[in-house]
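One structure is given below, encoded as structure tokens.
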């Protein structure tokens, strides 16, 4: 079974440029998460989807960040415009969403460098 | 505010030794406590998890000890191996599928 797929793996952009990250969760997983991981820190939730609905986006900086999961499967996270402080690893995770099953499976992440 | 506090930040253990990583939390509503292992360039991978109805869970060389009254839990890695060298994160969540709150991570190095 394929794991969570993310692309690109690495992205280098200049500040004020837009950037987008793509995630394809494990097949059948209804819940999808986007996390931000700064160097030497644990992942921090940006947004959580249940199918196509964003059920928790309280930590998403909505002035520059946006996300979508139009068909309840793959998802895109966008930053526009990017700032120097956005340099980090952006992780996508998915879980089945079944009652009593909490395991989140993470993708390899996209490492963003903003110059 | 850090929901889950993790220590130590880094740990060096000799091969065959025991590695111990500690975490503490404040929110008594948390009911799921996983430990994740992360290698450089990879996403975190679930190692072992526990719910507060048990005080200990063991899977192979990895054991979680859970102290509900103290609101603390720890990961013990027995017979540590160089291949265990990675960053370990504890986490906590309440209710299925809800937000995980991660600790700040412990970088473990196992010396051959």
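The values are calculated or read from the model by the stated rules, or taken from the named source; none is laboratory data. Predicted model only: the values in this text are computed from it and were never measured. When we count neighbours, we look across all protein chains shown, and the Cβ atoms used for this are built from the backbone with ideal geometry, even at glycine.
Can you confirm whether the range A:74-94 contains a residue that is facing chain B (nearest Cβ under 8 Å), surrounded by fewer than 20 Cβ atoms within 10 Å (Cβ to Cβ) and over 14 Å from the mean Cα position of the chain (by Cα)?
No.
Do you know which residues across the range A:100-115 are under 25 Å from residue A:80 (Cβ atoms) and either in a loop (DSSP other than H, G, I, E, B) or at pLDDT below 90 (or both)?
A:107, A:108, A:109, A:115
Answer yes or no as to whether residue B:83 is assigned to a helix (DSSP H, G or I) and either more than 10 Å from chain A (Cβ to nearest Cβ) or in contact with a helix residue (DSSP H, G or I) (Cβ under 8 Å, 6 or more places away or on another chain) (or both).
Here the answer is yes, as residue B:83 does meet what is asked.
Could you list, in sequence order, all residues of the range B:23-44 that are within 18 Å of residue B:80 (Cα to Cα) and surrounded by fewer than 17 Cβ atoms within 10 Å (Cβ to Cβ)?
B:39 - this is the single residue of the range B:23-44 that is within 18 Å of residue B:80 (Cα to Cα) and surrounded by fewer than 17 Cβ atoms within 10 Å (Cβ to Cβ).
In the range B:57-74, what residues are free of Cβ contacts under 8 Å to residues at least 24 places away in the same chain, touching a strand residue (DSSP E or B) at 6+ places or on another chain (Cβ under 9 Å) and surrounded by 12 or more Cβ atoms within 10 Å (Cβ to Cβ)?
Residues satisfying the conditions are B:57, B:58, B:61, B:63, B:65, B:67.
Condition test on residue A:104, is it within 30 Å of residue B:8 (Cα to Cα), at the interface with another protein chain (Cβ under 9 Å from one of its Cβ atoms) and in contact with a strand residue (DSSP E or B) (Cβ under 6 Å, 6 or more places away or on another chain)?
yes
On the given criteria, is residue A:48 over 27 Å from residue B:87 (Cα atoms) and modelled with pLDDT of 90 or more?
Against the criterion (over 27 Å from residue B:87 (Cα atoms) and modelled with pLDDT of 90 or more), residue A:48 does not qualify.
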